[in-house]
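Visitor: Just passing along the structure, written as structure tokens.
Every read-out reported here was derived from the displayed coordinates using simple, explicitly stated rules and does not represent laboratory data. Being a predicted model, the structure only gives us computed values, none of them experimental. Here the Cβ positions follow ideal geometry from the backbone for every residue, glycine too, while neighbour counts run over all protein chains shown.
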Amino acid sequence: MATRDELGPFQAGDGGLPPYLAGREHEQDLCRAFVSRLRLGRPPPREIVFYGPRGNGKTALLAWLAKETAASPGVDVIRLVPAAIRTETRLVERLLSTSWWQHLTPNEISVYGIKWRPGNDRPPPLDEALAARARKGPLALLLDEAHTLGEEVGCALLNASQQVGRELPFLLVLAGTPELRSRLGAVNATFWNRAERCPVGRLDPEASAAALRRPLEDEHVGIDEDAMTHIVRESQGYPYFVQIWGEAVWRQIRGSDAQRQRIERADAARAQAAFDREKNGYYLERYDELMDRGLLPVARAVADAFEERSLLNDEELETAIARGLGEALRPDTVTAARTALGRLGYVWRPETEPMWEAGIPNLMNYVQQYVPAPDTSPGSAP
Ligand SMILES: Nc1ncnc2c1ncn2[C@@H]1O[C@H](COP(=O)(O)OP(=O)(O)OP(=O)(O)O)[C@@H](O)[C@H]1O
Ligand SMILES: [Mg+2]
């Protein structure tokens with residue numbers, strides 16, 4: 001079995017807490033402020049929503065928040081994914097143990113404020129369960145992959161959160177891909193606008209460098225500036241790629257000499273092949289997802305439109321999609337294709353401006369490499 005030293009500190013892709021959570025100070029400050037209010041027994045100002053394309057660190061943020069909150073007593077944390085709470089009853093059971101609500105006596109009812117008939121073996125409704133739990137003590141409920149939330153349970157949860165979180169120390173934090181917005185909109189018209197929304201996108205170069213440097217420092221390993229420059233440029237601010245690079249250079253120095261305490265430019269050059277292999281495997285998975293949905297020609301046309309540009313407006317994106325659809329173009333297909341590309345994180349729109357950007361860096365180059373350009377010769381569809 002590989003030792004801790006052979007594996008190194010980096011964590012590519014397991015959705016856990018990275019060794020150093022870089023570049024999320026704003027989100028961390030916000031979470032700390034909300035949790036401080038809970039600790040005082042006060043309701044939070046509103047719910048929090050983290051959203052962004054895959055691999056940008058939504059789960060990492062939730063993992064950090066859970067750890068940070070659990071580090072000092074006073075606020076309970078429950079972490080869930082929608083697959084664990086397919087029905088309202090399942091969610092109630094996660095909030096209150098079955099034995100608790102099945103054996104309520106009138107005295108207990110008065111303690112937790114739940115109006116429940118003793119001996120009743122049906123669970124209380126979600127809003128009552130949530131209120132009972134938050135009266136017992138402050139609670140933060142962290143729901144990852146929230147874009148897969150079922151409609152019925154989603155509706156119950158968002159409504160209950162709205163009611164309970166206004167008066168009691170209960171904080172709901174959701175994380176999901178950009179399609180979360182339409183998913184939540186379908187179950188609760190006002191939730192999105194009410195919540196504190198935090199787009200989770202790429203890291204800036206300083207944060208990418210810190211994500212690499214800090215864990216190395218903890219292991220007493222230094223890194224030369226030119227090696228760092230190369231890695232930061234190659235990882236393109238994508239947190240997942242930063243971790244892959246970290247793993248690759250770590251293996252490089254430990255593979256050559258267990259005592260090496262410095263990463264040089266040549267190490268980064270030698271680690272490039274390992275990084276590329278991982279990266280291309282990741283791209284291939286995304287490619288297959290696009291293929292399964294018949295979106296490869298559209299993805300190619302969109303990639304061409306992004307050539308040399310980092311942002312597209314609505315009209316430019318739609319024109320590119322229409323070109324990719326070719327003969328399949330019908331009035332509704334452009335919208336459907338745009339939604340599908342957004343779901344896959346191929347393109348996304350951080351909320352700050354009405355512009356689209358690539359969700360996963362350089363995936364578009366990969367698509368350009370393997371998918372033929374749409375036919376734009378005279379007589380073909382637009
Ligand atoms: N701020 C960060 N600093 C350093 N590494 C990070 C950061 N955020 C995430 N990572 C790393 O990037 C990788 C992807 O993160 P994570 O799994 O949290 O992304 P995600 O947005 O939840 O993706 P998905 O939508 O696929 O679930 C992980 O290896 C994680 O450790
Ligand atoms: Mg995740």
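Visitor: Using the scaling law 2.2 N^0.38 Å as the reference, what is the normalised Cα Rg of the stretch 16-90?
Guide: That works out to 1.19 for the stretch 16-90.
Visitor: Next question. How much length would be gained if the chain were fully extended between E307 and N365, taking 0.36 nm per residue of separation minus their Cα-Cα distance, in nm to one decimal? Don't skip to the end; give the middle numbers.
Guide: Values: separation 58, 0.36 × 58 = 20.88 nm, distance 0.87 nm.
Working it through step by step, the gained length comes to 20.0 nm.
Visitor: Could you work out the pair-distance distribution P(r) of the stretch 191-330 from its alpha-carbon pairs, with 10 angstrom bin width and percents rounded to whole numbers?
Guide: 10, 29, 27, 21, 11, 2, 0
Visitor: For the stretch 259-367, which trypsin sites (Lys or Arg not before Pro) pass both filters: DSSP loop (anything but H, G, I, E, B) and at most 11 other C-beta atoms within 10 Å?
Guide: R309
Visitor: Quick one: go through the stretch 127-161 and flag any residue whose amide nitrogen is under 16 Å from the point 7 Å out along the Cα-to-Cβ line of E93.
Guide: Backbone N within reach: 153.
Visitor: Same structure again: Expected output is a single nm value to one decimal: the length gained when fully extending between A274 and S72, i.e. 0.36 nm times separation in residues minus the C-alpha distance. What is it?
Guide: Computed gain between A274 and S72 is 68.7 nm.
Visitor: Let me ask another. From a point 7 Å beyond the Cα of T148 in the direction of its Cβ, which residues of the stretch 61-80 have a backbone N at a distance under 14 Å?
Guide: 80
Visitor: Size of the dipole of the chain about the Cα centre, Lys and Arg at +1 and Asp and Glu at -1 on the beta carbon, nothing else charged, in debye to 20?
Guide: For this selection, approximately 1380 debye.
Visitor: Here is a follow-up. By count of other Cβ within 10 Å, fewest leading, how are S97, S182, S208 ordered? Could the numbers behind the result be given before it?
Guide: Numbers: S97 9, S182 13, S208 26.
Sorted ascending by nearby Cβ count, the order is S97, S182, S208.
Visitor: Need one number: the % of Cα-Cα pairs in the chain sitting beyond the 37 Å mark. Can you show the working numbers first?
Guide: On the way: 24027 of 72771 pairs.
Every Cα pair in the chain considered, those over 37 Å come to 33 percent.
Visitor: So which GluC sites (Glu not before Pro) in the stretch 280-382 pass both tests, a DSSP loop state and at most 14 other Cβ atoms within 10 Å of the Cβ?
Guide: When the GluC sites (Glu not before Pro) of the stretch 280-382 are filtered for loop state and at most 14 Cβ neighbours within 10 Å, E307, E308, E351 remain.
Visitor: Just from its helices, what would the mean residue ellipticity at 222 nm be for the chain, if runs of 4 or more DSSP H residues each count -39500 (n - 2.57) and the sum is divided by every residue, rounded to the nearest 500 deg cm²/dmol?
Guide: -16500 deg cm²/dmol
Visitor: Hey, can you list the DSSP H helices of the chain whose Cα span along the axis is 18 Å or longer and whose average Kyte-Doolittle score is at least -1.0? Please list the in-between numbers first.
Guide: Working: long enough: 25-39 (21 Å, -0.84); 58-71 (20 Å, 0.49); 151-167 (25 Å, -0.29); 205-218 (20 Å, -0.62); 239-256 (26 Å, -0.21); 265-292 (40 Å, -1.24); 331-343 (20 Å, -0.25).
In the chain, the long hydrophobic H runs are 25-39, 58-71, 151-167, 205-218, 239-256, 331-343.
Visitor: Rounded to the nearest 0.05, what FRET efficiency is calculated for R86 and E316 with R0 set to 35 Å and r the Cβ-Cβ distance? Before the final figure, lay out each step's value.
Guide: Values: r = 40 Å, r/R0 = 1.14.
Between R86 and E316 the formula returns 0.30.
Visitor: Return a single number: how many Lys pairs in the chain, at a sequence separation of 8 or more or on separate chains, have alpha-carbon atoms below 26 angstrom apart.
Guide: Working: K58/K67; K58/K279; K67/K136; K115/K136.
Here the count comes out as 4.
Visitor: Then there's this: Would you mind telling me the antiparallel percentage of the DSSP bridges in the chain, rounded to 5?
Guide: 15 percent
Visitor: If you don't mind, another one. Stretched out fully, how many nm does the piece from N193 to Q163 gain, at 0.36 nm a residue minus the Cα gap?
Guide: 9.2 nm
Visitor: Mean shadow of the stretch 25-199, computed from the convex hull of its alpha carbons, in nm²?
Guide: Result: a mean projected hull area of 9.5 nm².
Visitor: Now for a separate question. Out of V298, A84, N365, whose Cα points farthest toward the positive end of the dipole of the chain (charges: +1 Lys, Arg; -1 Asp, Glu; placed on Cβ)?
Guide: Looking along the dipole axis, the top candidate is A84.
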